[in-house]
1. Students often get this wrong: which residues of region A:274-314 have the backbone nitrogen under 12 Å from the point 7 angstrom along Cα-to-C-beta of residue B:12?
2. Taking only Cα atoms and a 10 Å spring cutoff, compute GNM fluctuations for chain A and point out the largest among A:153, A:272, A:241.
3. Given a cut-off of under 8 Å on Cα pairs at least six residues apart, what relative contact order in percent is computed for region A:168-296?
4. Answer rounded, prolate or oblate for region B:134-186, using the Cα gyration tensor with square roots of eigenvalues a ≥ b ≥ c: rounded when a/c is under 1.5, else prolate when a/b is larger than b/c, else oblate.
5. Could you give the angle, 0 to 90 degrees to the nearest 10, between helix A:197-212's Cα long axis and the longest principal axis of the Cα atoms of chain A?
6. At residue B:212, with labels set 7 Å past Cα in the Cβ direction, how many nm apart are the copies from this one, shortest first?
7. If you fit an axis through the alpha-carbon atoms of helix B:75-90 and take the longest principal axis of the Cα set of chain B, what angle between them do you get, 0 to 90°, nearest 10?
8. Taking the 0 to 90 degree range and rounding to the nearest ten, how far is the long axis of helix A:168-181 tilted relative to the main principal axis of chain A, both from C-alpha atoms?
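Please treat every number below as a calculation from the coordinates, not as lab data. None of the values given here were measured: they were computed from a predicted structure. Note that we place each Cβ from the backbone using ideal geometry, even for glycine, and neighbour counts take in every protein chain shown.
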């Protein structure tokens, strides 16, 4: 049997991106004719076989769910996986996990790998790079071939599918409101870069709370951090220049780093600076002081994502449910409630 | 096409364990004749197909590595996975991860799932239950069919395959010796239950260091914890009754819990009680005081596990390397060096 050529090999041979190969094979008008024909000819010569999911679905169930997440050294994603595993196992499904490592190419390759007959459906959270590129053709393709996809946490409005999210804007709004209620007035936001969807929504919630309470909104109270390992100077400058009395951090690592830097500068937490972090994880519980967090309830998110996918799978295997007017599937977005876990860093 | 019956379904139908089904199908004398024949008849009737790995190996490479780990909310395993991913990707391999959730049955089912044509070889760390049961037939079976397996961290001497470990005994010995060098005399060990291989080795290293230094070894200085959530009383009693001046904890969570309890009791760390933890993770770096740890170097362990497996895979596809005298494959055990990262909890 001849070895199957993969998207990656075609891309390497022709010195084009994986996305270009994938789009050319679908005859996408986004790709120039010359490249398209070159890719198609190459693929044909080497017997490239695209996924034949629709076909495989008719014939068999794998009773396996594929998960694609951006990173694994991350308490939130780990707890979501545990939540998915529990419901999946209860319903007789196995679970296979792949990591995109926040890379667009790895996300595309992992989807190709898993969609090729190993699984019945996907539960996924988008990589940073995918959100930045706004290129979702690999997901559209899988869905068009009849394989259900459920997105969680890092989702996109550009794809029509089932989603499980928290209301990040509301959660940030409530966190900032709780700081204002405690008399804090100079509240900073330490966040990630904008192309991560949840980062943007949290910024909106932060801004809204300030404006509604008549507090001035200043661009330079928002710090965007790409890498936690070299953010000390930025944060130190923020605390020093701006007489900050509270910070909302979009993750635990930022929060614990802020506390460390504040301590070094002789500032007391929470007396001088109150701190709230998104994502209730292991660090917030064990750090000194313990950190007030927005609980994202990863287990619950995993449970619901698995339930939604399994419902969809059983439905696919029985009969597709169409909205008769529009001939489109009706997808749902489940919003998980968050709540503030008050700890020492704010009281 | 008829749906394939799985090990799990056969086990459920006949009300026997998965292990019994698997062994019966291999005609193992461990299983009584009546059960064996009943399982075989059932499997035949429902067209059960065992893995046909050897056959599939001859025909194609999947260029995919399967990882099976006990748990995912665990910094050490996450870093090992990152280490494996890096080397795998550099060599053109994809990675698929399954969790055993420390369950024997899930480990067996995951191996069956992945070995069925999705991957070329395994990198795995044994589940607690597998180590307890000492039932490794599922691994032997995969190896006998020609699929390479590399074990890391939680390994067993009962299986002949490539292994990547740290010298847990030596690491514990050196950690305890460093405490003794600092003048500590009443050193406790807070560990997990004995059937986890690394737990046993660390206990041996702890004991050896005490005895070699002429310190008395007392059984009740060793506390075995199954679940970190309800260990407070045990640890409190240890610190109170025994005038402990140092503790070696086999993981970060135990260590940070010991520090919390010591603080509550009015004991100062490190002045009254010094603490060293195994596994350098995120908590040790961010807790107050920061915690001295034995670095297990998960990234390095993952790198080497991937290198060893990939070497083995390329070899399988070329020609098997036999020791001509014994007609057995030569497997290697790579021992990763550990070192002590000194932080505030001991100085």
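1. none
2. For chain A, modelled as a Gaussian network with Cα springs under 10 Å, the answer is A:241.
3. Values: 203 pairs, mean separation 31.9, N = 129.
Result for region A:168-296 is 25 percent.
4. Numbers: a/c = 6.77, a/b = 3.65, b/c = 1.86.
Judged from the Cα gyration tensor, region B:134-186 comes out prolate (a/c at least 1.5, a/b above b/c).
5. Helix A:197-212 and the main axis of chain A meet at about 30 degrees.
6. 6.4
7. Once rounded, one gets 50 degrees.
8. For A:168-181 against chain A, the angle is about 0 degrees.
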